[in-house]
Structures are given as structure tokens and as C-alpha cells.
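A short worksheet on the structure shown next.
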Amino acid sequence: MTHPTDQDRLQLIVSNAASGKLEEAVTVVSAILDKATAIEAWRVIARTKANMQRFGEAREALDSALIIDPGSRTLRFERAILLEQEGRTKRWPNSMPSRAWRGIHRSC
């Protein structure tokens, strides 16, 4: 019997998320060893939850990805988009996603 690889686990997460089995998807992430694959798994979960209008839970998934890669501008940008979708950016003078996007382009 072969052991599942991180890619197998990511595929299971995608399948679970597409089937609405988000708790199962979250459980599988903890078994992923490769950081890049774990980040992608959290992003899949975040996107799925955001599509279901569960923005707080989607943000929590991105926060989990940010623990793995706290310097990721892409993850921070995606998180800012979620905050904007939640209507939580009114207190910022310039739209956070716009500032994050400018920061991404400056680094390219």
C-alpha cells in the first residue's frame, strides 16, 4: 500500500471543497508537509468559502496560509480583497487592495 503524497492530499482537498465537505478539507491540510502545497490547499479552501459568502472563514483560511508564508504579498492581497468584500475597509483611507496591488507591482 502506498502512502498518499502531498499532491494526492491537495487533490483530495480540492475534491472535498468542491463537494462542500470543507471540514474534511481542513483536516487534510494538517497532513501536508510541503509548504507551497499547504499554502495552495489553504487558498483552495479560502476561495471555496468566499464563493459561499463565508468571508470570515475564508479570511481565517488565508490567515493559516500566512502563518506558513507571512511575507507573501499575494496572500496579503487576497486577504485584503476578502476584507473589502466583507465591507471592512471603510476605515482605511485608500482601498487596502489597491495599496496591496501597487505593492505587488513595485516588487515585480
Q.
When you scan the range 68-86, do you find a residue that is surrounded by fewer than 17 Cβ atoms within 10 Å (Cβ to Cβ), in a loop (DSSP other than H, G, I, E, B) and either in contact with a strand residue (DSSP E or B) (Cβ under 6 Å, 6 or more places away or on another chain) or without any contact (Cβ under 8 Å) to a residue 24 or more places away in the chain (or both), even just one?
A. yes
Q. Just to be sure, is E40 modelled with pLDDT of 95 or more, of a type outside the set (K, R) and in contact with a helix residue (DSSP H, G or I) (Cβ under 7 Å, 6 or more places away or on another chain)?
A. yes
Q) Counting only residues that are modelled with pLDDT of 80 or more and among the β-branched types (V, I, T), which one in the range 73-101 is nearest to the chain's Cα centre (by Cα)? A) T74
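The values are calculated or read from the model by the stated rules, or taken from the named source; none is laboratory data. No experiment lies behind these values; they were computed from the predicted model shown. All Cβ positions, even for glycine, are placed from backbone atoms using ideal geometry, and neighbour counts span all protein chains on display.
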